[in-house]
Each structure stands twice: as C-alpha cells, then as structure tokens.
Amino acid sequence: MAEEKRRFREDAKTSEYLDIENYSLIKELGEGNFGKVVLASFKIKNQLTAIKIIEKQREEDFEYVRREASVLQIASRCPFLCRAMATFQTKSLILLALEYVNGGTLENIIEDRGRLSNKQVLFYASELVVGIQFLHENGIVHRDLKPENILVDEQGHVKIGDFGLVCTGMYGANTQCGYYGTPGYTAPQVLLEEPYDAGADWWSFGVILYEMATNRLPFSPKGNLRQQVESVINREPEYPDSLSTKLRDLIKQLLKKKANQRLGVNGNIRDHPFFSTVDWSNVEKRTLKPPIKPSHESATGFNRKYISFPKEDPSETRMLKGFDYVDPSWLE
Ligand code: ATP
Ligand code: MG
C-alpha cells in the first residue's frame, strides 16, 4: 500500500512537469529552422529551463524530433552535452524543456574575442572531444557541429546542443547518406551525398578548430552546392603562421578529404601531440579551469515580461506515442 501511495505521488509530480500550463515564458533565446528556443520558468518550483518549441506541422519532422528527444535523454550521462529536463507535447506543439545553459555559445565567444589563443583552443577542443566521442560511442552522429550549436555554461564549460539533425544507430560499418548540416562546416562526403559515418563530425570539428584559431572558415560557405563542393574538394585551406605546428597538424589530420584517412575515425584523436599536456581523466571529470568566463547575462537579471506560447490549433490530433519524459534529477 505504501509503495502504491509513493508511486501515485511520484506520478502526480511527474505530470506537473508535463503540463504546459505550469510554465511561463520569459524571453526568446534563439531561433532556428525547426522553431524557437525560449527561456521559461517552471512555476511550481521557480526552476529555469530553455524550452525548444516545435509546431507539429510536417509529419516527416516527427522522426527528427523523436531522435532529438532520445539523444537529449542519453545526454544526461555526459557533462559536455545539453540534456533534457523534460519532453512533452500539447495538441499542436512539441516541447523540449532543456537545461538552461546561460553563458552564450562558442560563436559568441569567437565574435567577442576574435582569434583564440592556443591554450583557449586546447580547452574547448578537449571538452568537445569527450562530448563527440561519447555521442559516437552511443552510435550517434551529430551532423551539425558548429560554434552556434556549442553552448557554454555559466562557468565556461562546453555543452554541445542542437541534436535536431542527428542520426542514430551508427555502429560498426553503418553509414548514412544525404546532405545535412550547414555550409562551411560540412564534410565532402556529406556534400557529395556519398555514404558517411562519424568521420563527418570529425571534419566539422576540424573546421571549428580552424575557426577558433583564426576567426575565419577554412572553406568558403558562399555559393551554391556545386561551388561549395568545388572549394571543399579542390582547395587546401591557408594556414596562417600564428597557428602552432601541433594545432596546424591536428587540423590537417581532421580536414583529410578521404574519410578513411581522417583522424577521429583513423586513430584516436586523444593521442595527437596537440593534446600531449592534457590529462583526459581530468577533462572527463570537468576539472579543467575554463580560460574564459562568459560575460553573458546572469539567470536573474532580465525583465520578466512574459511572452506567450504559440496558439494551439484545436483541429490538430496527431500525438507522438511514448514521448513524455521527465529527468529524474529534476524531480528532486
Ligand atoms: P535546428 O538546427 O535543429 O533547426 P535550432 O537551430 O532551431 O535547431 P538550437 O540550435 O537547439 O535550435 O537552438 C537555437 C539557439 O537557441 C542556440 O543557438 C542557442 O543560442 C539557444 N539555445 C538552445 N538551447 C539552449 C539552452 N539549453 N540554453 C540556452 N540557450 C539555448
Ligand atoms: Mg542550431
């Protein structure tokens, strides 16, 4: 009987987190292809969360959202990934309540600071390697790694986010096909619609390292698909003298045009000389000291003028089965 009562209480608590009425929206944090990300408060406990709001428009998007939600749940096992606090839905909206990561993005850092120092690049690169390897060990290829999708928390640690384009089940020799991602960051195989694996993410990681160290992209994102392919396949990036020899070599190993020669897939990236001073167990424990403290706003300083959720469409009837989820740590 006591056990039954306890379970009843827990279910009631869980259902509070799955009810849109219990959230108030504070301000918009970002907008992308799929929808908006809005800072919200879970009113009952005054907890902040970043809610990604996706309107149920196209049935073919549901599969992407399901995949995104499943990765957001697995993410709770790695400190360098942005996790879900809850995922739920109304008749016409899908809601991904994410942990609020409030130091901005790596894109903001590069915009504010310009070129980053070797030491700063080493910090972000090390935390990103642990996050990316965790995804790959779990059969997940991100497919849209770029500074805008890399969040930074209050202390300055990295959180990879935006799992909207992931592919899952990528174990062993499994490959994927199809053009996904963002111009400037996409691997040659992806652009050419050839089969690819986790090597696609290591290419994007190489682009991100280049961008952090030079404040430029190695390959032009301009032009149509044919022009981008042309640039990525035929050109070698320019490596400015300011790059250290080890970093330059690391980027070259990651930007190998042939996927099977690319570091990350071909050899363990942790063993590259650029990382020779890194104690990986400290990185995993998140004990490296962030070299940059984000100057982005604190969680309390904004004007609480509430905005509203998009209007419900009462005619919508499609519900995603088995989608409701609350992270146990949020219930405590
Ligand atoms: P997609 O690329 O799948 O269309 P998207 O670009 O619409 O997705 P995200 O990249 O997940 O969506 O989020 C958009 C922006 O919202 C991010 O670049 C970031 O500025 C902000 N954001 C996302 N998640 C969080 C979070 N957990 N905490 C704070 N800000 C966030
Ligand atoms: Mg994004």
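To test your reading of the geometry: what angle, between 0 and 90 degrees and rounded to tens, separates the Cα axis of helix 118-137 from the longest principal axis of the chain?
That works out to roughly 60 degrees.
Taking θ as phi - 60°, what are the ³J(HN,Hα) couplings along the range 310-317 by the Karplus curve (6.51, -1.76, 1.60), each to the nearest whole Hz, with x for Gly and Pro?
x, 4, 6, 9, x, 7, 6, 10
Below 8 Å, C-alpha to C-alpha, sequence gap of six or more: please give me the relative contact order for the range 106-284 in percent.
Relative contact order of the range 106-284: 23 percent.
Need the list of lysines near Lys289 for cross-linking: C-alpha distance under 29 angstrom, and skip anything on the same chain fewer than eight residues off.
Leaving aside lysines fewer than 8 places away in the same chain, those within reach of Lys289 are Lys119, Lys146, Lys159, Lys246, Lys252.
Placing unit charges on C-beta atoms (Lys and Arg positive, Asp and Glu negative, everything else neutral), compute the dipole magnitude of the range 106-284 about its Cα centre in debye, rounded to 20.
Around 600 debye, computed over the range 106-284.
Tell me which lysines have Cα within less than 18 Å of Lys321's Cα, excluding those fewer than 8 residues away on the same chain?
Lys56, Lys91
Starting from the exponent 0.38 and prefactor 2.2 Å, build the expected Rg for the chain from its residue count and divide its actual Cα Rg by it.
Normalised Rg, Cα atoms only: 1.04.
What does the C-alpha gyration tensor say about the overall shape of the range 106-284? Classify as rounded when a/c is under 1.5, otherwise prolate if a/b is larger than b/c, or oblate.
rounded
Under a cut-off of 18 Å between alpha-carbon atoms, report the lysines in cross-link reach of Lys5, not counting same-chain residues fewer than 8 places apart.
Filter leaves Lys13.
In deg cm²/dmol and to the nearest 500, what is the mean residue ellipticity at 222 nm of the chain if only DSSP H runs of at least 4 residues count, each as -39500 (n - 2.57), divided by the residue total?
-10000 deg cm²/dmol
Compare the Cα positions of Tyr325, Gly264, Phe163 along the charge dipole of the chain (+1 at Cβ of Lys, Arg; -1 at Cβ of Asp, Glu; about the Cα centre) and return the one farthest towards the positive end.
Of the listed residues, the answer is Gly264.
Mean projection of the alpha-carbon convex hull of the range 212-326 over all orientations, in nm²?
That works out to 15.1 nm².
Helix 2-17 versus the longest principal axis of the chain: what is the Cα-based angle in degrees, 0 to 90, to the nearest 10?
It works out to around 60 degrees.
Charges at C-beta only: +1 for Lys and Arg, -1 for Asp and Glu. How large is the resulting dipole of the chain about its Cα centre, in Debye rounded to 20?
That gives a dipole near 540 debye.
Among Ala69, Met85, Ile44, whose Cα sits farthest toward the positive end of the charge dipole of the range 42-90 (+1 at Cβ of Lys/Arg, -1 at Cβ of Asp/Glu, about the Cα centre)?
Checked the options; the winner is Ile44.
Tilt of helix 225-234 relative to the longest C-alpha principal axis of the chain, in degrees (0 to 90, nearest 10)?
With both axes taken from Cα atoms, the answer is about 40 degrees.
Got a number for the accessible area of Thr182? Probe 1.4 Å, square angstrom, nearest 10.
Counting only protein heavy atoms, Thr182 exposes about 30 Å² to solvent.
With charges only on Cβ, +1 for K and R and -1 for D and E, what is the dipole size of the range 1-62 about its Cα centre, in debye, rounded to 20?
The dipole magnitude comes to about 360 debye.
The values are calculated or read from the model by the stated rules, or taken from the named source; none is laboratory data. From a predicted model like this one, the values you see are computed outputs, not experimental measurements. As a convention, Cβ positions derive from the backbone with ideal geometry for all residues, glycine included, and neighbour counts pool all protein chains shown. Just the protein is used for accessible areas: all its heavy atoms, side chains included, with ligands, DNA and RNA removed. Shrake-Rupley method; radii C 1.70, N 1.55, O 1.52, S 1.80 Å.
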